[in-house]
Every structure is written in structure tokens, then in C-alpha cells.
1. Looking only at residues in the range 44-59 that are in a loop (DSSP other than H, G, I, E, B) and in contact with an Asp or Glu (Cβ under 9 Å, 6 or more places away or on another chain), which one is surrounded by the most Cβ atoms within 10 Å (Cβ to Cβ)?
2. Which of the residues that make up the range 74-85 are under 17 Å from the mean Cα position of the chain (by Cα) and in contact (Cβ under 8 Å) with a residue 24 or more places away in the chain?
3. Please go through the range 110-157 and pick out each residue that is of a type outside the set (A, V, I, L, M), surrounded by fewer than 14 Cβ atoms within 10 Å (Cβ to Cβ) and assigned to a loop (DSSP other than H, G, I, E, B).
4. Can you name the condition, by its number, that ALA16 falls short on among (1) hydrophobic (A, V, I, L, M, F, W, C); (2) within 18 Å of the chain's Cα centre (by Cα); (3) under 23 Å from GLY162 (Cβ atoms)?
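The values are calculated or read from the model by the stated rules, or taken from the named source; none is laboratory data. Bear in mind the structure is a predicted one, so any value in this text is a computation, not a measurement. Neighbour counts run over all protein chains shown; Cβ positions are idealised from the backbone, glycine included.
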Amino acid sequence: MLIIEHFFLIACDPRAGLPTWPRRIQSAELMASAALLLDLTTQRRLSTRQSLLYADTRVPPTHPLLADALHALNGHPLPPDSALRLIARRLHPLPVSVLEGLFRRDIMHRTESRRWLLRKQVRYPLRSMQARNEAVLRMRQATHAANDLHGLALLLLADVTGMLPLHLDAREHERAMQHLLALNVGDRSVDEPRATFASIRAALLA
């Protein structure tokens, strides 16, 4: 399962069926864009050089969302904040695409409601608690596993949205922040994927 899918499983209220988080400094669209960029990074399709993101478009990914994201980037180096906005614009409505995909795989329900003179609202209540628990567990395990980039990406996204304290105990939270604070683009000891993670995190927090 992709990082972006795990993120929305964690972020969606299981009953209300809508993405929600305590710290609304970024929209669901931009958080979805960030998750896709992190997915591309873990697959070594995105890298950082001189504060720009470079996409490797030589071979299209097998997953449609990743392929669409790479196509949107079109091989042009971009600052992280520009890449985030571009993905959000070109793949709009990206959160809905993710949730629809989870619905088609029977992981979420899909309900529609409409009030008089108001547009319809689509909700995605959770169908599979196991899938959500697995996403949360992957994030918690990343506090103990320094080499798990997928889990580190979930920690990064959960930190930006203020969800870390909702799912981690005090010790796990402390370790998670240590991992995130170690993401330092200027530190040569940081490997390439983590340098790209750092640039995406900085763009989300700016």
C-alpha cells in the first residue's frame, strides 16, 4: 500500500468518513501531494539537488497515481513548494481519488448526502479496521526502525498535521521527533531520500 493511502487511512475519521487533523496549516490537497512526493522518493524516482526536486521519468511507475504525479512533474526541476502546488492542481481532486481507490478495494464505505440547495457530500467511513490498524502500526514501528522510509514518511505527515500525539505514546513520540529533526538537508551524513524528505517537510512547514 502506498504512503498516501496509509496516510488517509490514519487521517480519515473512521465514522465520519472525512479527513481531519488537529493542525490545519495545510489543506488535504497539499498533504496528499506531499504524500505522493514521498512515495516517489522512497521508490528513488525523486531526488534533491541544489534545493530543487528532480523527477526520474525514464520508466513510468506501475501505480496510476505515481505515474500521474511523474507525468505532472514532466521532468522539470522544481522547488518543493512549487512541486506540491503543481501536483495538487494537476491531480485535483487527489484526496478523492485516493479515497475512491480505497472504496473500490472494500477498505472504505462510500455514502452520499445532499441537502436542499447544497451540493452533495461524499463520505468514506471505514470498512476495514484492520487496514487502518496496519497503517498506524507501520507508523509506530518506524519510531524503532531508522531504515523504514515508508514509516518515516508517515511520521513526517502525521507531525505536520498534528496527529503524532494521537497515535504514539510519549516514548514513541520522542523517538519520532528525533528521527524527524535528524532530517537536515545541509548535513552530508543524511542520505539522498532523507534529504528529499527534509525539503518536502520544510515546504509544508513554511
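1. ARG45
2. Of everything in the range 74-85, those that are under 17 Å from the mean Cα position of the chain (by Cα) and in contact (Cβ under 8 Å) with a residue 24 or more places away in the chain turn out to be PRO80, ASP81, ALA83, LEU84, ARG85.
3. Of everything in the range 110-157, those that are of a type outside the set (A, V, I, L, M), surrounded by fewer than 14 Cβ atoms within 10 Å (Cβ to Cβ) and assigned to a loop (DSSP other than H, G, I, E, B) turn out to be ARG114, ARG115, TRP116, ARG119, LYS120, HIS144, ASN147.
4. Here ALA16 meets the rest and fails (2).
Condition check ((1) modelled with pLDDT under 95; (2) among the charged types (D, E, K, R); (3) more than 17 Å from the chain's Cα centre (by Cα)) across all residues:
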site	(1), (2), (3)
ILE25	yes, no, no
GLU29	no, yes, no
ALA34	no, no, no
LEU37	no, no, no
THR42	no, no, no
LEU46	no, no, no
LEU53	no, no, no
THR62	yes, no, yes
LEU66	no, no, no
